[in-house]
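*Asks:* Please find one structure pasted underneath; my questions will follow.
The values are calculated or read from the model by the stated rules, or taken from the named source; none is laboratory data. Since the structure is predicted, the reported quantities are computational estimates derived from the model, not experimental observations. All Cβ positions, glycine included, derive from the backbone under ideal geometry; neighbour counts span all protein chains shown. These accessible areas exclude ligands, DNA and RNA; they are computed on the full protein's heavy atoms, side chains included. Shrake-Rupley method; radii C 1.70, N 1.55, O 1.52, S 1.80 Å.
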Amino acid sequence: MGTPKLPRRVLLIGAIVLGVVAFGLLVAIGGPLALERIDASSGGIPSPDGFPSDFPVYANASLQISGWDSASSTGYAMWLSTGSKKQVIAYYNAALAQGDWQNRPVDPQVSKAQIPFRRASQPTYGGVLSFQTNPLNGVTRISVDMRPDYWHAPSPSPTATS
């Protein structure tokens, strides 16, 4: 006596159920990852009113979220890019060392890379750029926080008395 064979109909229904479950898992897990990659290439939303027009933005980065208070020149923004974290950091290391911007360059190999920066014309005005790459879809998130009192002005040096 051998093992009983399952009818073809049961096998077919089982295969369909497994296919639907597998498809559902792919959509549930891969859908948001794919959408984030599409968002990174979409062009995003316009910069908020008052956001520094001379602040460098990585080529083809897509602005996804921002909040800006024009009265106090304070806010944040987050872009998505399909560029690698290494490429994006190299760009910002160079771009924030030009014009009215100054920075402290960061090594692109650092896992939690952040670039502090400030304006040369307003030494206390600045912020920090943070970078994070999603290893599942290759999208790099570029986040910035800026405010007028980010940098503390250096204390005046004591004068010598004679």
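*Asks:* Go through segment 44-59 and count every residue that is surrounded by fewer than 13 Cβ atoms within 10 Å (Cβ to Cβ) and touching a helix residue (DSSP H, G or I) at 6+ places or on another chain (Cβ under 9 Å).
*Replies:* Summing the residues that are surrounded by fewer than 13 Cβ atoms within 10 Å (Cβ to Cβ) and touching a helix residue (DSSP H, G or I) at 6+ places or on another chain (Cβ under 9 Å) in segment 44-59 gives 1.
*Asks:* Just to be sure I understand, how many residues within segment 82-92 are within 18 Å of F117 (Cβ to Cβ) and not in a helix (DSSP H, G or I)?
*Replies:* Result for segment 82-92: 0.
*Asks:* Considering every residue within segment 138-148, establish whether at least one is modelled with pLDDT of 90 or more, under 21 Å from N60 (Cβ atoms), of a type in the set (S, T, Y) and open to solvent by less than 90 Å² (accessible area, probe 1.4 Å). Step through it out loud before you land on a result.
*Replies:* As a first pass, look at segment 138-148 and keep what is modelled with pLDDT of 90 or more: 139-148.
Checking the rest, the ones that are also under 21 Å from N60 (Cβ atoms) come to 139-144.
Next, from what is left, pick out any that are of a type in the set (S, T, Y): 140, 143.
From what is left, the residues that are open to solvent by less than 90 Å² (accessible area, probe 1.4 Å) are 140, 143.
The answer is yes, given that some residue of segment 138-148 is modelled with pLDDT of 90 or more, under 21 Å from N60 (Cβ atoms), of a type in the set (S, T, Y) and open to solvent by less than 90 Å² (accessible area, probe 1.4 Å).
*Asks:* Might you check whether a residue that is aromatic (F, W, Y) and open to solvent by 50 Å² or more (accessible area, probe 1.4 Å) occurs anywhere in segment 76-83?
*Replies:* yes
*Asks:* What residue, among those in segment 90-135 that are of a type in the set (A, V, I, L, M) and within 14 Å of the chain's Cα centre (by Cα), is most open to solvent (accessible area, probe 1.4 Å)?
*Replies:* V128
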